[in-house]
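Asker: Have a look at this one before I ask anything.
The values are calculated or read from the model by the stated rules, or taken from the named source; none is laboratory data. Source: prediction; values computed, not measured. Cβ: placed from backbone, ideal geometry, glycine included. Neighbour counts: every protein chain shown. Note: accessible area is taken over every heavy atom of the protein model, side chains too, but ligands, DNA and RNA are not part of it. Shrake-Rupley method; radii C 1.70, N 1.55, O 1.52, S 1.80 Å.
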Amino acid sequence: MASDAPAPEYLLELKDVEAGYGRAALVLRGLTVQVPPSSIVCLVGPNGAGKSTVLKVASGMLTPRSGSIRVNGVDVTRNGPQDMIRSGLSHVLQGHSVFKEMTVAENVGLGAYTVRDKALIAERTDFVKTLFPVVADRWTALAGALSGGQQKQVEFARSLMVSPQVVLLDEPSMGLDPKTTSKVFEQVVRMRDAGIAVLLVEQNARRALETADIGCVLDLGKVHITGPASELLADPQLAELYLGGRPAAVPTT
Amino acid sequence: MSGSLLLQSVILGLLLGGLYALLAAGLTLYFGVMRVVMIAHSAFLILAAYLAWWFQRETGLDPLLSLVVTVPLFFVVGFVMQRLLLARLRPATLTMMSVLLTFAIALTIEGLLGYVFSGTQRRIQLDYSGSSLEVFGANIAVVKLIAFGLAAVALLGLWALMKLTRFGQALRATIQHPEAARLLGINTDRIAGFGFGLGLATAAIGGTALSLDSTIYPSLHWHWIGPLMAIIVIGGLGSIPGAAIAAMLLGVSQSLLQVPLGTTWAQTVFYIALFATLMVRPQGFFGGRLAQRF
Ligand SMILES: Nc1ncnc2c1ncn2[C@@H]1O[C@H](COP(=O)(O)OP(=O)(O)OP(=O)(O)O)[C@@H](O)[C@H]1O
Ligand SMILES: [Mg+2]
């Protein structure tokens, strides 16, 4: 953690990124997203806008055709997922991505695949078990035998095993009950308070923007508007277009 | 069928089933790792058998010793084959194209064997080739027991590798969710290559076991690939325990049917079981969720 260089302005920075899948048309067309330390940046936008693609580029799953990616001030544009993890990045995919035919214990253990220190692994295992009791309760069960929401919690636990600096969460609340959703958001806030940068994608946009510090509205592979989350929430035009109606808090005249 | 003949058939079937199980495990591993249908698996099996025979003829040493060379060699060949050939196929048509590619590899191996060793039938002659043991009153050739022991040890080793090691965990993770595995820092490309190497190593062990008590010839592999394919489908594609159970059951069935029907007709048990499986339970009997996702 201790470094002599001045702390960079952004923990994660994607600049003028152009990216696409294979030979198909570009999905991201010159997109810039910046995540300062100790902050939650929320991406909102319609289906197919390219939100998941932003996260895939950030975690090295998809190499951008142009533009740059910096983590902690270091250029990591061409790095694959393995190097990205070493730079302190953790990505929880949209949908379900537990290893279904493996136990919860094995799933969480694989979260620390790149960690060699046994004591550290034990410490973090205890931490995620306390954070998500279901992980401790179903420790020896096959992950595929858990309910969807429980599986999601196993995924969070798995992603925290590297104690990341930057966390990418793709629709974390999907399929979670209100109580667990609150818990996940609470955890996101707690990570932010601990200095971690969070890049969050949510369909539950209003809820997410209420939690986030900065909001980015994405459409057709570009950031249309970015600004403090509270301002985006208050903007009636934005609310109409992307948040499914006017904000309830703003009285209509 | 007399009691002792019945017993003898069951035991022979189990011994044969062990070899089937090992080979099917390799075949199902390729499919699990990268949805590849590896037609050349049994060609490598026969290649290993030839190498064991040739090793014994040239050195006079026990053919089992050839394993020291063939197992690492096949592992490397499998790794290279996956990295240089199969990994280059387009994902969208991978399964289909892999059939064509590995079919070509099988023909190449068969051709090379014929060219180098000629089409003559070969058989290893050992001091203990003729000896047999009495097991519950049934007479069982020692070489068959050795072959089974070899297969059993290899399968057990494979199981331990998959279940207990870091590499095995990474391999299973890669099979179950490649994208998530990559995001955890697993080098899935390399792991897939190793998985392929491991599959081919089972062919090396199986081939040596086979060479102990079979007459071999270059085109023998066609005789094996059908039953093996049937076994992995019945066991549930990608499921190693499923393949092992199906292999044992079918090995015994084949052996029992051999007495009244003869060798050729007894083989049809694989295809009948295959048709029945595809009608009743197309995802296979033991694959469960894993198989359904393929
Ligand atoms: N693996 C892929 N191969 C090819 N095209 C893809 C792939 N993944 C996404 N796309 C395309 O990229 C575009 C953006 O997809 P992306 O998943 O980033 O959208 P999203 O904003 O996350 O949508 P959603 O809200 O539905 O999750 C879509 O047009 C989609 O068709
Ligand atoms: Mg998405």
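Asker: Could you tell me the distance between the Cα centroids of region B:201-232 and region B:24-52, to the nearest Å?
Answerer: Here the two parts' Cα centres lie 9 Å apart.
Asker: Run the simple label-point estimate for B:HIS223 and A:LEU120 please: 7 Å along Cα→C-beta, distance reported in nm.
Answerer: The answer from the label model is 5.6 nm.
Asker: Chains A and B: what accessible area do they bury, summed, in square angstrom to the nearest 100, with a 1.4 Å probe? List each step's numbers first, then the result.
Answerer: Details: alone 12450 and 13860 Å², together 24080 Å².
The buried area between A and B, both sides summed, comes to about 2200 Å².
Asker: A further question follows. Can you list the HN-Hα couplings for region B:87-104, worked out from phi with the Karplus curve (6.51, -1.76, 1.60; θ = phi - 60°), rounded to whole Hz and with x for Gly and Pro?
Answerer: Result, ordered by residue: 5, 8, 6, 5, x, 4, 10, 3, 4, 5, 5, 5, 4, 5, 4, 6, 4, 4 Hz.
Asker: Moving to a separate point now. Using the charge dipole of region B:7-219 (Lys, Arg: +1 at Cβ; Asp, Glu: -1 at Cβ; taken about the Cα centre), state which of B:TRP54, B:ALA40, B:LEU85 has its Cα farthest towards the positive end.
Answerer: Checked the options; the winner is B:LEU85.
Asker: Treat each spin label as a single point 7 Å out from the Cα along the C-beta direction, and report the A:ALA24 to A:ASP219 distance in nm.
Answerer: My value for the distance between the label points is 2.2 nm.
Asker: Continuing with this model, one more query. What is the mean number of Cβ atoms from other protein chains located within 10 Å of the Cβ atom of each residue in peptide A:155-161, rounded to a whole number?
Answerer: Mean partner shielding for this stretch: 1.
Asker: Restricting to Cα pairs below 8 Å that are 6+ residues apart, what does the relative contact order work out to for region A:94-162? Please round to a whole percent.
Answerer: After rounding, I find 52 percent.
Asker: Would you kindly compute the Cα radius of gyration of the protein assembly as shown and its largest Cα-Cα separation (Dmax), both in Å?
Answerer: 28.5, 102
Asker: Still on this model: First measure r as the distance between the Cβ atoms of B:LEU133 and B:PHE103, then evaluate 1/(1 + (r/R0)^6) with R0 = 60 Å and state the FRET efficiency to the nearest 0.05.
Answerer: Calculated transfer efficiency: 0.90.
Asker: Roughly what percent of Cα-Cα pairs across chain A reach past 27 Å?
Answerer: Distances greater than 27 Å cover 37 percent of the Cα pairs.
Asker: Compute the helix-to-body angle for B:41-59: its Cα long axis versus the longest principal axis of chain B, expressed 0 to 90° and rounded to tens.
Answerer: 50
Asker: Mind listing the Cα extents of region A:1-95 along all three principal axes, in Å, largest one first?
Answerer: 43, 25, 25
Asker: How much accessible surface does B:ILE191 have with a 1.4 Å probe, in Å² rounded to 10?
Answerer: Answer for B:ILE191: close to 10 Å² accessible.
Asker: Quick check: at a probe of 1.4 Å, how many percent of the accessible area of region B:101-171 sits on carbon and sulfur atoms? Can you show the working numbers first?
Answerer: Values: 2680 of 4020 Å².
Using a 1.4 Å probe with all protein chains present, region B:101-171 comes out at 67 percent carbon and sulfur.
Asker: Turning to a different aspect of this structure: Measure off, as a whole percent, the carbon and sulfur share of the 1.4 Å-probe accessible area of region A:94-162, all protein chains present.
Answerer: Values: 1460 of 2760 Å².
Carbon with sulfur: 53 percent of the solvent-accessible area.
Asker: Follow-up question, since we're still on this one. Give the Cα extents of chain B along the principal axes, in whole Å, largest first.
Answerer: Answer, in whole Å and largest first: 57, 46, 34 Å.
Asker: Now, a different point. With +1 on each Lys and Arg Cβ and -1 on each Asp and Glu Cβ, how big is the dipole of the protein assembly as shown about its Cα centre, in debye rounded to the nearest 20?
Answerer: Value, rounded to 20: 600 debye.
Asker: P(r) of region B:236-276 in 5 Å steps, Cα pairs, percent per bin?
Answerer: Histogramming region B:236-276 at 5 Å steps yields 5, 24, 27, 24, 11, 6, 2 percent.
Asker: Return the percentage of antiparallel bridges among DSSP beta bridges fully within region A:138-231, rounded to the nearest 5 %.
Answerer: 55
Asker: Using θ = phi - 60° and the Karplus form 6.51 cos²θ - 1.76 cosθ + 1.60, what ³J(HN,Hα) does each residue of region A:14-31 get, whole Hz, x for Gly and Pro?
Answerer: Taking θ as phi minus 60°, the curve returns 10, 10, 6, 6, 10, 8, x, 9, x, 8, 5, 4, 4, 9, 9, 10, x, 9 Hz for region A:14-31.
Asker: In square nanometres, what is the average projected area of the Cα convex hull of region B:129-269? Could you put the intermediate results ahead of the total?
Answerer: Details: hull surface 41.2 nm².
Computing the convex hull of the Cα atoms and averaging its projections yields 10.3 nm².
Asker: Let me ask something else about it. Suppose a student asked you for the relative contact order of chain A, using Cα pairs under 8 Å spaced at least 6 residues apart; what percent would you report?
Answerer: Over chain A, the number comes to 26 percent.
Asker: Another question, then. Under a 5 Å amide H to amide H cut-off, with H placed in plane at 1.01 Å, what residues pair with A:LEU218 once short-range neighbours are removed?
Answerer: Amide H neighbours of A:LEU218: A:VAL44, A:GLY45, A:HIS224.
Asker: What's the ranking of B:91-98, A:74-81 by average number of surrounding C-beta atoms within 10 Å, highest first? Before the final figure, lay out each step's value.
Answerer: Working: B:91-98: 13.8, A:74-81: 15.8.
Sorting B:91-98, A:74-81 by mean packing, highest first, produces A:74-81, B:91-98.
Asker: A follow-up question, please. On average, how much accessible surface per residue is there in chain A, in Å², for a 1.4 Å probe, leaving out ligands, DNA and RNA?
Answerer: 45
Asker: At a cut-off of 50 Å², which residues of region B:177-215 become less accessible once all protein chains are present than in their chain alone, using a 1.4 Å probe?
Answerer: By number: B:HIS177, B:GLU179, B:ARG182, B:LEU183, B:LEU184, B:GLY185.
Asker: Scan around A:HIS91 for amide H atoms under 5 Å from its own, H built in the peptide plane at 1.01 Å from N, and keep only partners 5 or more places away or cross-chain.
Answerer: A:LEU168
Asker: Which lysines, if any, have their Cα less than 20 Å from the Cα of A:LYS179, not counting same-chain residues under 8 positions apart?
Answerer: A:LYS129, A:LYS152
Asker: Regarding region A:82-189, what whole-number volume in Å³ per residue does the convex hull of its Cα atoms give?
Answerer: Values: hull volume 10.3 nm³, N = 108.
Hull volume normalised by residue count: 95 Å³.
Asker: Shifting gears a bit: Using only Cα atoms, find the angle between the long axis of helix B:67-84 and the longest principal axis of chain B, and express it within 0 to 90 degrees, rounded to the nearest 10.
Answerer: 30
Asker: To continue, here is another question. Need one number: convex hull volume per residue for region B:22-142, Cα atoms only, in Å³. Walk me through the numbers before you get to the answer.
Answerer: On the way: hull volume 16.6 nm³, N = 121.
Dividing the Cα hull volume of region B:22-142 by its residues yields 138 Å³.
Asker: How much length is gained if the chain between B:ARG281 and B:GLU179 is pulled fully straight, taking 0.36 nm per residue apart and subtracting their Cα-Cα distance, in nm to one decimal?
Answerer: Contour length minus the Cα-Cα distance gives 33.8 nm.
Asker: What does the highest-first list of A:165-174, A:114-123, A:217-226 look like by mean Cβ count within 10 Å?
Answerer: Working: A:165-174: 23.0, A:114-123: 11.5, A:217-226: 18.2.
Going by the mean number of other Cβ atoms within 10 Å, highest first, we get A:165-174, A:217-226, A:114-123.
Asker: OK, next. Label points 7 Å out from Cα along the Cβ direction at B:LYS163 and B:SER118: separation in nm?
Answerer: 4.9
Asker: Tell me, what is the percent relative contact order of region B:103-222, built from C-alpha pairs under 8 Å that lie six or more residues apart?
Answerer: 38
Asker: Averaged over its residues, how many other protein chain Cβ atoms are within 10 Å of peptide A:121-134's Cβ atoms? Don't skip to the end; give the middle numbers.
Answerer: Numbers: counts 0, 0, 0, 0, 0, 0, 0, 0, 0, 0, 0, 0, 0, 0.
Mean number of neighbouring Cβ atoms from other chains: 0.
Asker: HN-Hα J couplings of region B:179-195 from phi, Karplus 6.51/-1.76/1.60, θ = phi - 60°, integer Hz, Gly and Pro as x?
Answerer: 5, 5, 4, 4, 5, 8, x, 7, 7, 5, 5, 5, 4, 5, x, 4, x
Asker: Then there's this: By DSSP, what percent of the beta bridges with both residues in chain A are antiparallel, rounded to the nearest 5?
Answerer: If we restrict to bridges inside chain A, about 55 percent are antiparallel.
Asker: So what is the accessible area of chain B per residue, in Å², with the probe set to 1.4 Å?
Answerer: Heavy-atom accessible area per residue stands at 43 Å².
Asker: So if I average 1/r over every pair of distinct C-alpha atoms in region B:1-49 and take the inverse, what Kirkwood radius in Å does that give? Display every interim value, and only then the final one.
Answerer: Numbers: mean 1/r = 0.0792 Å⁻¹.
Evaluated on region B:1-49, it is 12.6 Å.
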